[in-house]
1. Against the conditions (1) at pLDDT 85 or above; (2) part of a loop (DSSP other than H, G, I, E, B), where does PHE129 fall short? Just the number, please.
2. Regarding segment 42-57, can at least one residue be identified that is open to solvent by 60 Å² or more (accessible area, probe 1.4 Å), closer than 21 Å to TYR122 by Cα and at pLDDT 70 or above?
3. Examine segment 70-79 for a residue that is surrounded by 11 or more Cβ atoms within 10 Å (Cβ to Cβ), of a type in the set (A, V, I, L, M) and closer than 16 Å to LYS118 by Cα, and state whether such a residue exists.
4. Go through (1) modelled with pLDDT under 90; (2) open to solvent by less than 60 Å² (accessible area, probe 1.4 Å) for TYR9 and report which single condition fails.
5. Going through ALA138, ALA124 one at a time, which residue ends up being under 17 Å from the mean Cα position of the chain (by Cα), in a loop (DSSP other than H, G, I, E, B) and either over 16 Å from GLU50 (Cβ atoms) or modelled with pLDDT under 90 (or both)?
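The values are calculated or read from the model by the stated rules, or taken from the named source; none is laboratory data. Model, not experiment: these values are computed from the prediction. When we count neighbours, we look across all protein chains shown, and the Cβ atoms used for this are built from the backbone with ideal geometry, even at glycine. Remember, those area values only see protein heavy atoms, side chains included, never the ligands or the DNA or RNA. Shrake-Rupley method; radii C 1.70, N 1.55, O 1.52, S 1.80 Å.
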Amino acid sequence: MKMMMLRRYAMRAGAVAMCSAALCAVPMMAQGAPAAAPGAGGGRGMRTPEARVAAIDTAVTLTADQKTKITAIYTADQAKMQALMTAQDPDMMTKMTAMRTDENTAIKALLTDAQKPKFDAYLAAQPQFGRGGGGGGAAGAGGGAPRPPQ
């Protein structure tokens, strides 16, 4: 009789322990894993230019020359955006939105006529701030700034 009661208590204690572990794990999963490096795409930070180009390459299939030129565009703008964030410019979001628009225009100029519709579809599929879909590192065409509708 005592053995059955002991087993029952052990089962209950085990169930409580498992539920407690599950409840503790949920908030940790919601926080996400720490980013490997600043700008690596984790959290709300900006993705690296290379990661952004890789995402476009998956959607559009870029040539090596296009990849090089697009990476240069993203690298230059990333430095400008970082300077805006460091300076805590009050017009930061407006300026970043303009930069994203200019980036997309410059990238589109590098694409072939067959790639342009794929690029437009890629941009349309990206989550955007201000429309209820913004957030994480996948925001926009690879950054944290909103894009105006095109």
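1. Just one mismatch for PHE129, condition (1).
2. yes
3. yes
4. For TYR9, the exception is condition (2).
5. Exactly one of ALA138, ALA124 is under 17 Å from the mean Cα position of the chain (by Cα), in a loop (DSSP other than H, G, I, E, B) and either over 16 Å from GLU50 (Cβ atoms) or modelled with pLDDT under 90 (or both), namely ALA138.
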